[in-house]
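First the structure, in the form of structure tokens, and then the observations on it.
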Amino acid sequence: MRDPFLAGILSLIIPGVGQIYNGRILAGILWLILTPGFWIGMMLYLGAGFGVAWALKSFEAAKSILDKLEVMIDTLKAMQGVDRVRAALQKNSARP
């Protein structure tokens, strides 16, 4: 067995290299493959989860805004209808 401190530093920098340095080639290769695979897998898994959560949150926010806009549009249409009725009443009352 070689210097364990150096093996630890090597594994800290690149997981598996410390194992290879100590002569455990197969274990080192497995760590070299599994560790990045684990990190990439977790990033994809969490990234997808965060992406879905963000999309749902954005959809809820957009729906809330659209609902408020729909209420505002309905209110404006109602106000236009009231103005048309007033204009018609004024027009009819102005006739002799």
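Of the residues SER64, SER93, SER11, SER58, the single one that is of a type in the set (Gly, Ala, Ser) and either exposed (fewer than 10 other Cβ atoms within 10 Å of the Cβ) or touching a strand residue (DSSP E or B) at 6+ places or on another chain (Cβ under 7 Å) (or both) is SER93. Taking the stated definitions as given, is ILE33 modelled with pLDDT of 85 or more and in contact with a helix residue (DSSP H, G or I) (Cβ under 9 Å, 6 or more places away or on another chain)? No: the conditions fail for ILE33. Can you go through LEU32, LEU26 and tell me which one is out of contact with any Asp or Glu (no Cβ under 7 Å at 6 or more places or on another chain), of a type outside the set (Asp, Glu) and exposed (fewer than 10 other Cβ atoms within 10 Å of the Cβ)? When all the criteria are applied, what remains is LEU26.
Of all residues in segment 5-19, those that are modelled with pLDDT under 90 have Cβ atoms under 7 Å from Cβ atoms of residues that are surrounded by 14 or more Cβ atoms within 10 Å (Cβ to Cβ) and outside any helix (DSSP H, G or I), 6 or more apart or on another chain, in ALA7/ASN22.
With respect to the stated conditions, PHE50 is part of a helix (DSSP H, G or I), out of contact with any helix residue (DSSP H, G or I) (no Cβ under 8 Å at 6 or more places or on another chain) and modelled with pLDDT under 80.
The values are calculated or read from the model by the stated rules, or taken from the named source; none is laboratory data. Because the structure is predicted, anything quoted here is derived from the model rather than measured. Positions of Cβ are generated from backbone atoms using ideal geometry, with glycine treated the same way; all protein chains shown enter the neighbour counts.
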